[in-house]
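K.L.:
This is the structure I want to talk about, given as structure tokens.
The values are calculated or read from the model by the stated rules, or taken from the named source; none is laboratory data. No experiment lies behind these values; they were computed from the predicted model shown. Cβ placement follows ideal geometry from the backbone for every residue including glycine, while neighbour counts extend to all protein chains displayed.
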2 protein chains.
Amino acid sequence: KALPRSAIELRCQCIGTHSKFIHPKFIENVNLTPSGPHCKNVEVIATLRDGREVCLEPTAPWVKLIIKAILDK
Amino acid sequence: KALPRSAIELRCQCIGTHSKFIHPKFIENVNLTPSGPHCKNVEVIATLRDGREVCLEPTAPWVKLIIKAILDK
């Protein structure tokens, strides 16, 4: 079993965030990492259906809406 | 680089959900997987600071609050 990402990565994973809207149907899963000693930023990383990983801006309204949509479905 | 979880797991990951409140300070990260062909349920898996992975109930108010708290911090 793989270690959780956070156990092996000791710094921020995102160097920037994707600014354009991504339709939820292209999103395979979303990983939320609270800020902590490894990184002062909250990090939101979406894995897309094509396997790409993109960092999203946690404060962007569309990002919050997508997360809400996943939870409410 | 590891494959995303969703690319290698072809069925539901959770057989049940943890019902008791978990304080956000014990949470390392949270993974949200929308329902899809691999699993009819929305799955919310929290990785705790001690490395354990626990499934959370996406509809539970405290789970929504924890996710909101992570995003808002």
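K.L.:
Among B:Lys20, B:Lys25, which is the only one that is at pLDDT below 95, within 20 Å of A:Cys39 (Cβ to Cβ) and not in a strand (DSSP E or B)?
P.N.:
So the residue among B:Lys20, B:Lys25 that is at pLDDT below 95, within 20 Å of A:Cys39 (Cβ to Cβ) and not in a strand (DSSP E or B) is B:Lys25.
K.L.:
How many residues does segment A:54-73 contain that are more than 7 Å from chain B (Cβ to nearest Cβ) and not in a helix (DSSP H, G or I)?
P.N.:
Looking only at that region, the number is 6.
K.L.:
Which ones in segment A:42-58 are under 17 Å from B:Val30 (Cα atoms) and at pLDDT below 95?
P.N.:
Step one: list which residues in segment A:42-58 are under 17 Å from B:Val30 (Cα atoms), which gives A:42-48, A:53-58.
Matches in segment A:42-58: none.
K.L.:
Looking only at segment A:17-44, count every residue that is aliphatic (A, V, I, L, M) and either more than 9 Å from chain B (Cβ to nearest Cβ) or surrounded by fewer than 17 Cβ atoms within 10 Å (Cβ to Cβ) (or both) and tell me the total.
P.N.:
Pass one, segment A:17-44, residues aliphatic (A, V, I, L, M): A:22, A:27, A:30, A:32, A:42, A:44.
Next, from what is left, pick out any that are either more than 9 Å from chain B (Cβ to nearest Cβ) or surrounded by fewer than 17 Cβ atoms within 10 Å (Cβ to Cβ) (or both): A:22.
Matching residues across segment A:17-44 total 1.
K.L.:
If you don't mind, another one. Do you know which of the residues in segment A:55-73 that are closer than 20 Å to B:Gly36 by Cα and touching a residue at least 24 places away in the same chain (Cβ under 8 Å) is surrounded by the most Cβ atoms within 10 Å (Cβ to Cβ)?
P.N.:
Checked segment A:55-73; the qualifying residue surrounded by the most Cβ atoms within 10 Å (Cβ to Cβ) is A:Ile67.
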